[in-house]
Amino acid sequence: MSVNVTMPKLGMTMKVGKVAKWYKNEGDAVEKGESLFEVETEKITNEIESPGSGILFQVVAPVGTIVPIGTILAVIAEAGEQLERIEGIKAGEVVDAAADPAKPQSAEAEAGPKEKKRISATPSARRLAKELGVDLARVPGAGPDGKIKGADVEKYHKDGPPAPRITPLAAEIARREGLDIYELTGTGENGKITRQDVELAIAAAKDAPQEAPSRAKVIPFQGIRKVIADNMHASLQNAAQLTAFTEVDVTEMVRFKDLVREEYKRDDSVKISYNDIIVMATARALMRHPIMNSTLVGEEILVHDTVHLGIAVALSEGLIVPKLRNAEKKTLLQIAKEVRQLAQKAREGALAVEEVTDGTFTISNVSMLGMDGFTPVLNPPETGILGVGRVIEKPAVFKGEITIRHMMTLSLTFDHRVVDGAPAMTFLKDLARYLAQPMLIMA
């Protein structure tokens, strides 16, 4: 005769369990009492023994399945027995493999529910209990055969419930564990609380949930977020990354930006930003330091003769880096226009393949987030990435005097396998000079 293997109840508060492991495969012989599978709950992981002997005919719930207690997990059949396979998992279907459905499980089940015990009390006691809101079931009766009188109800209402009858050992254990003996139910003679009653209460308190678990929002780790994670992890694992920082006095760059804006204030299509000037200066500096405009592909360093500059754009679902192609050949006005077009296309999800591939260097600007500086991570296979902080007014030494200047922090992360520190830092130094004196960009 076949035996159904069900999700066991492993604790008083357990409602569901997870199948963590099967020790047998379908078709394997099993013996009653040997380990058959593991169940994982919020608190424990237990090995569960086989409830019968035979052949593991079907595994209904594979590893990782979470089902309510009593749900059929597997079927054990006798050798040669032909059964119909169970289709799907019926969550919450309670099945007792050891019980014969044709027979009642106990005399109590056969007899049906017990009749509720009647409370013996005088009419005046019942009336008074109703007026005072007293539960008659809790009032000890002093009358014949424990009958409750009005005086008993009045005394209970005034003095509270009498101290429960409890053995000295049970009282001491309850005191050490901080249990309220008024909340305990005694199973001893005449309802006396025993040591076993206290120990059961302690075990139940430990098994009960202390606090409702917080419900976390689940965000699938996939799509653009997963791609970014894989690329950044691979970048840190596969490159010898080093970051250099420098603080730049960009007061003249601020004046230059204001001058250009004033010149083109009537043209709504022209809106020059600090980032546009930085893009132009970076492209020019890369042409003077071509090793920084290179990529490492396999066993070859490819030094490019044109700058395809990546401009990081933050989206709600992650970061994307469209490429400003041939940046070294573009004017400041062209850069301003095309960078905005690329950013808009990125937000609309309309970038073409060639606009997100074959970059030679990247700029990541966090000034709009109010950050002074950070350590950017390389965008492989590129050799360098520039981090740009905010422009902020602060005291600085200028021509031998302390005065308020516009300052900005630049951070350059580079691949030390491709370029040494000195040439990389020389590139950063020249870029800083371009931003400190923008007219040098034209030199």
Among beta bridges that DSSP assigns inside the chain, antiparallel share in %, nearest 5: 85
Report the net charge of residues surrounding A234, where surrounding means a beta-carbon distance below 14 angstrom and charges are Lys +1, Arg +1, Asp -1, Glu -1. -2
Within region 344-408, list the trypsin sites (Lys or Arg not before Pro) lying in a DSSP loop whose Cβ has at most 11 other Cβ atoms in a 10 Å radius. K399
Net charge contributed by nearby residues that have their C-beta within less than 15 Å of K271 (K/R +1, D/E -1): -1
In a solvent-free Debye calculation with one equal scatterer on each Cα, what is log10 I(q)/I(0) for region 148-198 at q = 0.26 Å⁻¹, listed in the order of the q values? -0.91
When the helix-only estimate is applied to the chain (DSSP H runs of n ≥ 4, each -39,500 (n - 2.57), divided by the residue count), what is the mean residue ellipticity at 222 nm, nearest 500 deg cm²/dmol? -9000 deg cm²/dmol
Residue-wise, which Karplus ³J(HN,Hα) couplings in Hz belong to region 185-198, taking 6.51 cos²θ - 1.76 cosθ + 1.60, θ = phi - 60°, and x for glycine or proline? 10, x, 10, x, 4, 6, x, 5, 7, 10, 4, 4, 4, 5
Measure nothing fancy, just the Cα-based angle from helix 168-177's long axis to the longest principal axis of the chain, in degrees from 0 to 90, nearest 10. 10
Mean projected area, convex hull of alpha-carbon positions in region 328-434, reported to one decimal in nm², is 9.0
Within region 228-307, which trypsin sites (Lys or Arg not before Pro) sit in a loop by DSSP and count at most 11 neighbouring Cβ atoms inside 10 Å? K265, R266
Given the chain, longest segment not containing exposed loop chymotrypsin sites (Phe, Trp or Tyr not before Pro) (DSSP; at most 15 other Cβ within 10 Å): 24-220
State the answer as a single residue: which of H406, P290, I173 lies farthest towards the positive end of the charge dipole of the chain, with beta carbon charges of +1 for Lys and Arg and -1 for Asp and Glu, about the Cα centre. H406
How big is the Rg/Rh ratio for region 239-293, C-alpha atoms only, Rh by Kirkwood, two decimals? 1.11
For the chain, I need the span (max minus min coordinate) of the C-alpha atoms along each principal axis, in Å, sorted largest to smallest. 114, 72, 44
By the scheme Lys and Arg +1, Asp and Glu -1, what is the net charge of all other residues having a beta-carbon under 11 Å from that of T122? +3
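Values in this text are rule-based calculations from the coordinates and carry no lab data. Since this is a predicted model, take the numbers as computed values, not measurements. Every residue, glycine among them, receives a Cβ derived from its backbone with ideal geometry; neighbour counts consider all protein chains shown.
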